[in-house]
Every structure is written in structure tokens, then in C-alpha cells.
1. With a 10 Å Cβ neighbour count serving as the proxy for reagent exposure, in which order, fewest first, do A:Met161, B:Met90 appear?
2. Starting from the Cα of B:Thr77, step 7 Å along the direction of its Cβ; do the same at A:Val84; then give the gap between the two resulting points in nm.
3. Around A:Thr83, which amide H atoms from residues at least 5 apart in sequence, or from another chain, sit under 5 Å from its own amide H, with H modelled in the peptide plane?
4. Within the range A:192-215, list the residues whose amide N lies under 12 Å from a label point set 7 Å along Cα→Cβ of A:Thr180.
5. Apply 1/(1 + (r/R0)^6) to the Cβ-Cβ distance of A:Asp256 and B:Glu253, taking R0 = 60 Å, and write down the FRET efficiency to the nearest 0.05.
6. Please list the non-local residues whose amide H lies under 5 Å from the amide H of B:Met248, H modeled 1.01 Å from N, same-chain partners needing a gap of 5 or more.
7. Using the beta-carbon distance between A:Ile92 and B:Ser151 and R0 = 35 Å, what value does 1/(1 + (r/R0)^6) give for FRET efficiency, to the nearest 0.05?
8. Describe numerically, in nm with one decimal, the distance between label points set 7 Å from Cα along Cα→Cβ at B:Asn296 and at A:Tyr276.
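None of the figures in this text is laboratory data; all of them are computed from the coordinates on show. Quick caveat, the model's predicted, so the values are computed rather than measured. Heads up, the Cβs are rebuilt from the backbone with ideal geometry, glycines too, and the neighbour counts pull from every protein chain shown.
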Amino acid sequence: MNKKEIIASVFLFVLVVYLIGSITRVISASNDNMDTFICNSLGNCCDPEGANIQAAIDDLNVSAPPHAGYGGAHGTVWLPANTVLSIPDTLIIENHVTLDMQGATIIPQGNFDVVELRIGSQLKDGTIDVSPVTTFNRAAITLRETDYMFLSKHTPRIFNMHLVSENLRGKGIYLHTEGTTAYQTIIAHFHNIKTREFEYGVLINHTSTADATYLNANMFSNIEGHGDKYFITLYESNPEVAGHYFQIVQCYCSSDTEYIVWANGQGNTFDTFVAYDWDNNGGTRASYNFSSEEITSGTPTYHFFGSDQCYLSIRGGEEDIDFAPWALYDSGNDRYRNRFTLLELKNSNLTLGQIKGTD
Amino acid sequence: MKKITLIASVIALVLLVYLIGSVTRSISSIHDNKLTFIRNSKGNYWEANSTNIQLAIDDLDSGGTVWLPGARIFEITQTIIVNEGIMLDMGGASFKLPEETNIRVVELKNKAGIRNGDIDVAGHRTWHDSYTAFLEPNSCIFLNANSYIESATIENMYLDSIGLGYNEPDYYDDYHSGRGYGIHFYAGDQDTPQRISGVTVRDVYFRSFKHAIFLQNERGNSGSEEAHIDGNTFDYLFFHANEVGINMSRNPEDTSRQKSSLSGNVFNMMQFQSGWGSWWGGEEIAHQYILISGYNNIFTNVMGWDAGHLRVSNGEACIDVPEEECVEVIFTEDSKNTFISGRCGISDWYWGTGKYIDEGTNNTRFSVSSARLYIENVTKHGT
């Protein structure tokens with residue numbers, strides 16, 4: 001072999017070695033592939049570190065056609081499954097972006113709202129675990145109310161999320177208005193959500209007195225709470241917290257659970273609730289006495305459970321729960337009350353017609 | 001060059017060519033990777049353009065999934081047919097229509113599906129720009145009972161149309177009609193077996209359609225074959241500024257309800273909002289949230305907001321819609337539909353005067369207010 005042949009052979013050998021090395025980056029069964037990165041639908045991937053989640057979301061703001069930036073076509077960020085990602089600050093899911101966690105877990109590094117959703121955004125398939133933060137009093141999931149998420153805009157959706165706290169800290173889902181900024185509202189759909197050991201599992205809290213501020217029309221389906229102190233709370237300091245739907249809700253009470261639902265809004269509906277072990281504090285839980293008295297301002301004193309249509313089952317207790325009669329429409333205060341129905345059918349058929357109860 | 005060297009060189013060259021071909025399929029940090037292609041579950045890839053969507057679907061000859069790259073707009077000029085057994089996962093992508101294009105955007109066949117996307121037929125929205133030609137009877141998503149559909153899925157979608165008022169030179173008009181249909185189930189008057197059943201519509205948002213959901217059965221009395229639009233499920237829907245939210249229409253010629261069947265459909269968890277009139281035309285003020293001529297359909301947890309909506313006439317101050325012109329739910333025939341719901345027209349600003357109008361005789365509105373109702377060993381009828 002002469003010198004030229006040697007050089008050519010060496011060159012080819014090096015090239016082959018390099019390319020073989022590249023083969024390991026071809027989509028394969030090896031673990032060095034896209035599923036181990038944080039990726040977005042622009043095809044950009046980055047290392048699976050918490051700080052890179054926000055970068056991957058922000059990267060979707062590309063306006064040039066065929067893209068349309070935020071508010072245009074919905075883009076997605078995928079997290080690598082079975083990973084735990086620690087984030088340094090609130091994760092903002094921008095307009096029309098979907099964060100598909102694919103089973104990953106997000107842990108905050110401090111006491112801040114963990115995830116904040118914007119118009120038309122989505123969050124799904126993951127766990128938010130705030131339990132390591134011993135001072136946590138913020139929210140696992142919230143939405144930016146000043147986006148004025150009216151029904152004229154794409155509604156955010158939150159699916160299949162597990163929210164974990166510890167020692168009754170913080171809020172699982174937090175929808176709120178506050179201050180004097182006008183045009184605050186949130187409308188979203190929450191489906192298949194589990195909360196664990198929060199102070200508030202779901203808190204809808206309307207305190208702003210500015211114009212066009214309200215919290216209406218959210219839908220909650222397949223909600224499950226484990227040992228939250230206050231499982232579901234709907235509070236308005238002034239009108240209105242109204243027209244929310246809760247359907248198929250299960251509450252696993254611990255000895256720390258104060259109530260399943262507390263609501264002083266209007267026209268909210270609670271359909272198919274099951275509460276387990278509601279009296280496991282020996283029956284001293286005063287919160288389960290429902291009153292016909294209206295909520296007074298300041299410290300909540302009375303708890304009542306309202307529904308326009310409600311099929312309710314409470315298991316694990318020996319005593320009845322007292323539902324006070326309540327008028328549909330309180331003309332004196334010009335408000336629709338929450339309405340409830342306790343329906344029991346034993347060995348009977350209910351067919352056709354209209355049934356009217358008494359006020 | 002010696003023979004051995006020559007052979008080695010040839011082998012290396014062949015290997016090199018092969019690997020170069022493989023390199024184009026390698027993963028990298030640039031955005032030339034599978035996420036930016038149209039791909040299907042056969043493992044095939046296409047450049048991300050509108051034409052290739054149908055190719056990717058047609059490449060699947062026995063079911064499967066087609067994935068689109070998200071964060072991207074596809075301009076659709078021909079109806080996308082999602083063939084039997086195929087799921088079109090839009091990945092967040094948006095379908096739009098070019099100007100002057102008036103077509104059905106997507107048609108689903110039996111066991112087909114579409115999810116995770118946005119179909120926006122609103123066209124341009126800039127002031128005084130020309131707008132889309134999209135108009136009824138075209139729809140964003142179409143199912144034809146002639147395809148004999150026994151199941152299908154429409155999930156996690158946003159569907160947007162636009163008001164007629166945006167296209168009119170005279171903006172000072174009331175009751176601007178929405179354009180086209182969002183989801184359209186259709187059975188024609190033909191003597192062949194027709195069916196749309198087992199469809200799941202879940203988490204869909206509708207804006208500015210003439211009919212957001214239109215279940216239309218035109219089958220008449222002639223012949224012997226039946227057309228069924230039955231047993232479909234609709235969950236978690238939001239409606240804004242549609243002229244009619246849910247319109248269920250069957251051919252009244254078929255008094256037996258056997259040939260023209262619209263029954264057993266279940267609607268659960270829905271929020272309806274009327275549009276807002278304005279001096280420049282603006283959005284559609286809803287005429288009906290629900291308009292039904294089917295039977296044995298069930299509606300649970302339905303909320304209609306601001307049903308007695310304000311409208312503007314000739315730029316004057318807002319006036320209330322006369323009560324007789326504003327409705328929420330209408331059952332137009334003896335239909336045994338069940339309506340289990342609260343209706344709510346509450347607001348500090350605009351008072352709802354929506355109504356539940358029952359022109360039949362056997363519809364059920366189940367409403368018990370603030371009471372405990374026990375029924376034991378009793379069959380209860382009547383009011």
C-alpha cells in the first residue's frame with residue numbers, strides 16, 4: 001500500500017467511525033433520543049432542566065408564516081416523561097400554548113405560583129408537587145385574570161393533573177380577582193384533577209370591586225380531593241361568582257377537612273358529589289351544618305351548599321345533613337341563590353312531566 | 001490500487017452512502033426533526049404543507065394516526081377526508097381558508113377522529129379587509145350519515161367563524177348572522193341506510209357560527225330505509241356569539257320518527273354566551289342557544305348567559321331585545337326530550353330574559369328547587 005492509499009484508507013476509516021458515532025443519534029431504541037429532551041412543536045429541543053421549560057414555551061413566539069406566534073396556531077411543549085423538573089420561577093404557559101407534561105413532575109424552588117395559564121393555553125398529564133416548599137402558600141395552578149378570559153376567547157383547558165401539597169399548605173387551583181383593575185375574569189375547563197393536602201383544593205375568590213370583574217362559567221369535571229382542609233370554595237365579596245359547574249366530584253376527607261363545598265355565589269351547580277368519611281372527626285365538624293342565613297361580609301360564618309341541580313351522596317356518616325330551604329330568586333337582594341336538590345328514588349320510577357319542589 | 005484496497009474502498013463508499021441516507025433521519029438540535037414533519041403511524045414523513053396532509057392520511061390503508069406539526073397554519077383549499085379508522089392529531093396546528101374559499105374543511109368517515117387543533121374559517125379580520133367566503137351549508141367538521149358512521153371522535157378543538165356583519169358594507173345592522181356550521185351531522189333524503197351514532201364530541205369551543213352544532217336529518221317518508229342521528233355524546237362545550245348554538249332538525253314529513261331519527265343524543269356541561277352588538281356590526285346575538293326538533297335527547301348542566309341581550313340600532317343607545325324575540329331553549333315538537341339544567345341570565349349589567357319554550361307536549365324539564373324529594377315505590381307522572 002503506498003502513501004496515497006494509506007491516507008485514503010485512514011480518511012475513509014475516520015469517516016466511517018464518525019458516521020457510526022452519528023448512528024447512535026438516529027431514532028432508535030437507545031435512550032439518547034427526542035423523548036429525553038424538552039421539545040416544542042418548532043422542532044427545537046433542549047436539555048431536560050426546569051429552567052428550559054419556559055425557554056421552550058417562549059421559543060414558540062414565532063410570527064413569520066406559516067407560524068403565527070402567540071395567539072395564532074397552538075403550539076406544544078413536551079416534557080420528558082418520568083422526570084422531575086425543578087423550576088426557579090412561575091411557569092407561564094403563554095397564549096395558545098399547550099404544555100404536555102407526559103407524566104413528568106414539576107417542583108417549585110420557592111414559594112410562588114407554580115403554573116400560570118394564559119388565553120387558550122392548556123396544561124395536561126402531569127404532577128405539580130409543592131410539598132418540598134415548607135412555606136408554600138401560593139397556588140399550584142392559576143390563570144391570569146387580567147387577560148379577561150371571556151367566552152369570546154379560546155378557553156384554557158387543564159386535563160389530567162395531580163396536585164400535591166403537604167400539611168395543608170397553599171392552593172391547588174386558584175381563580176381570583178383582586179384590586180381595582182377593570183376587566184378581570186377567568187373561564188376555563190378543568191378535567192380529571194386530583195388535589196392532595198392543600199389548604200384550599202379549589203379556591204374561586206372574587207374580591208375586586210372594579211368594573212367588569214367577575215368569576216363565572218368555569219367547568220370542573222372529575223375532581224378528586226384527598227385531605228384538603230377546604231376542598232372547594234367559591235367566595236364573592238361582591239357579585240359575582242356564578243354559573244360554575246362541578247360534576248362528578250369525590251372528596252376523601254381527613255381529620256383536617258373542614259368542608260367539602262362552601263359557596264356564597266349564585267347559580268352554581270354541584271352535580272354528583274361523593275364525600276367519604278365526612279364525619280371522621282367524631283361529628284364535631286360544625287362546618288357540615290348548613291344554614292339558611294346569608295353569608296355576612298368579613299369572616300365567613302355560614303356555610304351553605306347550593307345547586308340548581310344536584311345529586312348528592314355523602315357516605316361514612318351516621319347523621320343527616322341539614323339542607324335548609326332556599327328560594328331560587330331573592331328578589332329583595334336581586335340575586336339568584338344557589339339551588340340544591342336532594343333526590344332519592346327508592347324502588348320507583350320517575351317518568352315524564354315536571355316536578356316542582358317547594359321553596 | 002491493490003485489489004484489497006479497492007474492495008475496502010468500495011465497501012467504505014457503500015457504507016458512506018448508506019449512512020448519509022441515515023444521517024438525514026438523525027436527531028439533532030436543529031429543527032429538522034420529526035416534530036416539524038407531517039408523519040403517520042406507518043413511520044412515513046412528509047413536508048409540512050396542506051397537500052401532504054391528505055397524502056399522509058391516504059397512506060394509511062387500515063387505520064392509524066396522522067400527526068401534524070403544531071404552531072403552524074395550514075391553508076386548506078380542498079376538504080380533508082379523514083378515512084375510516086384514522087385519527088388526525090393536529091398537534092395544535094391551525095387550519096385556515098384562503099380568501100374566497102368556501103368549502104367543508106374536514107370530513108370524518110366511520111371510526112375516524114380529529115383532535116388537538118384549531119379550525120379558523122374567519123379569514124381576515126382587519127378592518128375593511130376582505131373576508132372569507134365561508135358560508136353555510138359548509139362546515140368546519142362534517143359527518144355524512146351516508147358513510148354509515150358508528151363511531152367517531154372530535155376532541156379538544158377550537159372552531160372559529162365570523163359574523164356576517166364583518167362583511168357587510170353597512171355596519172349598522174342588527175342580528176348579524178354567524179357564518180356556516182361548526183360541526184354538521186347530515187342525513188339526506190335518500191332510500192339508503194344512513195347512520196351517525198357513537199360520536200363523541202368533547203371539549204370543543206365554537207364562535208360566530210350560524211349553527212355551532214347542526215344535527216340535520218332530512219330523510220323523508222319515501223322508501224323503506226332509515227336515517228339515524230342517534231346516540232351521540234357532547235360534553236364540555238363553550239359557545240360564543242353563535243346564532244344558534246345547537247340546532248337539531250328533522251324532516252317533519254316523517255311523523256313516525258322511524259325514518260328520520262334524531263334521538264338519544266346526550267348533551268352535558270355547556271356554557272352559552274350571546275355575542276355583543278355594536279355600532280360597527282360586531283358579533284352575533286344569539287337567537288337560540290338550543291333549538292330542537294328531535295326526541296328522547298337529554299340536556300344536563302346547560303347555562304345560557306345574557307340571553308336577553310342588548311342590541312344596537314342605528315348607533316343609538318342600547319335597547320333591550322323584546323322578550324318575544326329572545327329565547328334560550330326551544331323544543332318544537334312532542335319530543336320527550338329531557339332538559340335537566342339551570343338556566344341563568346344573570347349579570348349586573350344585562351338581564352337575561354331567555355325562555356324555555358316547549359311547543360311539544362312531552363318534554364321534561366326537571367327542576368326541583370331547594371327541596372328534598374323522596375319517591376318510594378311510586379311511578380310518578382305529570383307535572
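1. Ascending Cβ contact count within 10 Å gives the list A:Met161, B:Met90.
2. Going by the 7 Å Cα→Cβ label model, 5.4 nm.
3. A:Ala104, A:Thr105
4. Answer for this model: A:209-211.
5. For R0 = 60 Å, the calculated efficiency reads 0.40.
6. Those qualifying (amide H under 5 Å, at least 5 residues apart or on another chain) are B:Leu215, B:Leu291, B:Ile292, B:Ser293.
7. About 0.35, to the nearest 0.05.
8. Spacing of the two 7 Å Cα→Cβ label points: 3.7 nm.
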